Amino acid sequence: MSAEVIEESARPARLVTLPGVYAPQHDTQLLMEAVNREEIGPGTEVLDLGTGSGALALHAAQRGARVTAVDVARRAVLTARLNALIRRRRITVQRSDLLSALPGRSYDLVICNPPYVPSPFGMPRGHGAARAWDAGFDGRAVLDRVCDTAPAALRPGGRLLMVHSGLCDGDATVRRLSDAGLLARVSGRARVPLGPVLRSRLRWLRDAGLMDEHVTSEELVVIRAEHP
C-alpha cells in the first residue's frame with residue numbers, strides 16, 4: 001500500500017486533548033501506519049518519546065506491547081494518563097525531557113513524533129503550546145537530539161520510528177542516525193495539506209528558502225532505523 005493512503009487501522013481513536021497538548025494529526029496517522037508494519041506483541045517493550053495525547057503509546061499497547069510514554073510537558077503527561085484510563089490500557093507515563101528520566105533503559109521499539117516545524121523565533125520556547133511543534137530555524141532542534149540519544153535506548157535488533165516534515169531534510173536524519181551506528185532509511189512518505197502553523201509562516205518559509213513559491217502541501221517522512 002502506498003504511504004500516501006492511511007490504513008483504516010492506523011486512524012487514531014478519538015482522544016481527550018487538554019489545552020496546549022498536541023492533538024493527533026496526519027503525522028500521527030502516518031507513524032501509526034509504520035508501527036503496524038513492525039512485529040509487536042506481548043513482551044515487546046516500546047518507548048514513545050514526546051507522547052502528547054498518548055495516541056501512539058495507546059496504539060502500541062493495543063497490539064500487546066508493554067509501553068512507556070514520556071513527555072516534557074506536564075499537561076501532556078496528564079492527558080496521556082487520562083486517555084489510558086478512558087481506553088482501559090495499561091501504559092507507564094512519566095515526565096521526562098526525552099531520555100533524561102530513563103537512564104540505562106533499553107527498548108525493542110522507540111517511536112517519536114517530535115516538534116519539527118521551522119520557526120522564525122529560533123530555539124523552542126520552554127513553555128506554551130508552541131513547544132509541541134516549534135523546533136528552531138531549520139526544524140531540527142529536537143530531531144537532532146533524538147538522533148543523538150535514541151540509539152542508546154535501543155536493544156540489539158531494536159528499531160526507531162520517527163516522523164517529521166520533509167522541510168527538515170529526511171536525508172540529514174538518515175545520515176545522522178547512520179553516523180550513530182544505526183541502519184537508517186526513509187520508510188514512508190505522504191503529502192498532506194498545509195496546517196495552520198505552516199500557513200501562518202508561508203512568507204517566512206519562502207523567504208528563508210525552505211518552501212517553494214507555489215507549494216501548497218507538505219511532505220511528511222517516516223524514518224526507520226535499526227540497531228544492528
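Observations on the model:
- Simple Cβ-charge dipole of the range 7-89, Lys/Arg +1 and Asp/Glu -1, about Cα centre, in debye nearest 20: 500
- Only Lys, Arg (+1) and Asp, Glu (-1) charged, at Cβ; the range 15-160 dipole about Cα centre in debye: 600
- Highest mean first, the peptides 174-185, 87-98 sorted by other C-beta atoms within 10 Å per residue fall in the order 174-185, 87-98.
- Rg to Rh, two decimals, where the range 125-228 supplies the alpha carbon set and Rh follows Kirkwood: 1.00
- The value for the chain of Rg(Cα) / (2.2 N^0.38 Å) is 0.95.
- The range 37-158 - convex hull of alpha carbons, volume per residue in Å³: 102
- Relative to its residue count, the range 44-111 spans a Cα convex hull of 62 Å³ per residue.
- Estimated from helices alone, the mean residue ellipticity of the chain at 222 nm is -7500 deg cm²/dmol (sum of -39500 (n - 2.57) over DSSP H runs with n ≥ 4, per residue).
- Compared with the dominant Cα axis of the chain, that is its longest principal axis, helix 170-179 is turned about 50°.
- Part-to-part distance (alpha-carbon centres) for the range 30-56 and the range 160-180, which is given in Å: 18
- Unit charges at the beta carbon, dipole of the chain: most positive-side option, Pro24, Ala153, Ala80: Ala80
- Carbon and sulfur %, accessible surface of the range 93-228 computed with the full protein complex present, 1.4 Å: 52
- Its residue count N sets the reference 2.2 N^0.38 Å, and the alpha-carbon radius of gyration of the range 173-217 equals 1.57 times that reference.
- Compared with the alpha-carbon gap, the fully stretched path from Val215 to Arg14 is longer by 69.3 nm at 0.36 nm per residue.
- Fluctuation leader among Ala73, Ala135, Ala172 - the chain, Gaussian network, Cα springs under 10 angstrom: Ala172
- The range 73-140 - Debye-derived log10 I(q)/I(0), Cα point model, q = 0.11, 0.19 Å⁻¹: -0.35, -0.93
- Counting only Cα atoms, the range 138-179 measures 31, 17, 15 Å along its principal axes, largest extent leading.
- Summarised as an ellipsoid, the range 34-82 has semi-axes of 20, 9, 9 Å, derived from the eigenvalues of the Cα gyration tensor scaled by 5 and square-rooted, with the largest first.
- Between the helical axis of 26-36 and the longest alpha-carbon principal axis of the chain there is an angle of about 40 degrees.
- Taking all C-alpha pairs of the range 90-176, those more than 22 Å from each other amount to 30 percent.
- Per residue accessible area in Å² of the chain, where ligands, DNA and RNA are left out and the probe is 1.4 Å: 48
- Charge context of Ser96, other residues only, Cβ under 13 angstrom, K/R +1, D/E -1: +1
The values are calculated or read from the model by the stated rules, or taken from the named source; none is laboratory data. Here the structure is a predicted model, which is why all the values come from computation and not from measurement. No Cβ is skipped: glycine too gets one built from the backbone with ideal geometry, and neighbour counts run over all protein chains shown. Only protein heavy atoms, including side chains, enter the accessible area calculation; ligands, DNA and RNA are left aside. Shrake-Rupley method; radii C 1.70, N 1.55, O 1.52, S 1.80 Å.
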